[in-house]
Amino acid sequence: MKKNNYAFKGLIFDLDGVLWIGNAPMKGAISFLDRLEKNDIPFCVLTNDCSISKSERLKALANAELILLPNQLITAPEITMNWLRDKGVQSIMYLGESEVLTDVKNEIVISQRNSIDAVVIGDLFEHYERNLLNNAAKSIIGGAIFVALQKNARWSDGVDWYIDNGFWVSGLEFVTGKQAFVIGKPHRYAYQSAIEKLGQTIDNSSQIVFVSDDIMSDLKGAKNLGLITVYFGPTITLPYWVDYSIQDFNSLLTLLCKNDE
Ligand SMILES: [Mg+2]
């Protein structure tokens, strides 16, 4: 991995289960990111987590000495709000903790009234109310754009798995007969946003490495856009289309240096 002389143009990391495990940095993650910084290798983190605001997440990572700049962390709430702004949406009903949107909401108004442009599904587990879901379903049927920050069935902190937001999104799809626009991974908009943060374009996707422990959402979406896919996790049988498998940051370093020759 030599400065300004590498075969790949940047790296995109998943957060949970890769850089962050069980509420602490993954072993070797901090020194690996330091090494990327020192070698001027662009990287960013793309996460589907929508339980915490971007600034709170940056703070929690920094408290554990995993320091990222704001433009090195791309969150599902952030890209979803950008997507909505680009679509001309001015008001949304948000199903989840609206604090999560405080630092990324642009000029979009968040309201519980029925006359909104879009219904946006975030992390609803701590905020579930039957009436809220009822109003959301009626607004969607009435013509509001139906948007989900993500639609994952489960998420893993690298230690255990947990039920994820797809639970709510699938339920509302069933009730309304409409399909949500899912903006987080594996939507191409999510990867494009990350690729732009690396100062690259989608034309260079074959020289960008994407590292995740999630195969069917994260890596599949990355593969569809032509990125180099690297599975991070215990040795398991992988689908044929996954490019590489690594178990830790030492093996990622070895892989990157090998591809550098
Ligand atoms: Mg993960």
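The values are calculated or read from the model by the stated rules, or taken from the named source; none is laboratory data. From a predicted model like this one, the values you see are computed outputs, not experimental measurements. Methodologically, a virtual Cβ is constructed for each residue, glycine included, from the backbone with ideal geometry; neighbour enumeration extends over all protein chains shown. Remember, those area values only see protein heavy atoms, side chains included, never the ligands or the DNA or RNA. Shrake-Rupley method; radii C 1.70, N 1.55, O 1.52, S 1.80 Å.
Please count, across segment 115-261, the pairs of lysine residues with Cα atoms under 24 Å apart that sit 8 or more places apart or on different chains.
The result is 15.
For the chain, with a Gaussian network of springs between Cα atoms less than 10 Å apart, report the residue from VAL159, VAL169, VAL209 with the top mean-square fluctuation.
Between VAL159, VAL169, VAL209, it is VAL159 that shows the largest mean-square fluctuation.
For the chain, give the share of DSSP beta bridges that are antiparallel, in percent and rounded to the nearest 5; count only bridges with both residues there.
15
Defining a contact as two alpha carbons under 8 Å apart and six or more residues distant in sequence, what relative contact order in percent does segment 62-189 show? Please report the intermediate quantities before stating the final value.
Values: 193 pairs, mean separation 29.8, N = 128.
23 percent.
Suppose every Lys and Arg Cβ carries +1 and every Asp and Glu Cβ carries -1, with no other charges. What dipole size does the chain come out with about its Cα centre, to the nearest 20 debye?
That gives the chain a dipole magnitude of about 520 debye.
Per residue, how much accessible area does segment 31-116 have with a 1.4 Å probe, in Å²?
Accessible area per residue, segment 31-116: 46 Å².
Considering only protein heavy atoms and a 1.4 Å probe, what is the carbon-and-sulfur percentage of the accessible area of segment 108-261?
Working: 4010 of 7830 Å².
So the carbon and sulfur contribution to the accessible surface is 51 percent.
Using a 1.4 Å probe and counting only protein heavy atoms, arrange GLU78, GLU107 so the residue with the most accessible area comes first.
Result, largest first: GLU107, GLU78.
Only residues of segment 79-98 count here: report those whose backbone N is under 12 Å from the spot 7 Å along Cα→Cβ of VAL109, or say none.
Output list for this probe position: 90-93.
Can you pull out the chymotrypsin sites (Phe, Trp or Tyr not before Pro) in segment 161-261 whose DSSP state is coil and whose Cβ has at most 15 other Cβ atoms within 10 Å?
Qualifying residues, ordered by number: TYR240, TRP241.
Sort ARG57, ARG188 by heavy-atom solvent-accessible area, probe 1.4 angstrom, most to least. Please list the in-between numbers first.
Working: ARG57 30, ARG188 115 Å².
Sorted by accessible area, descending: ARG188, ARG57.
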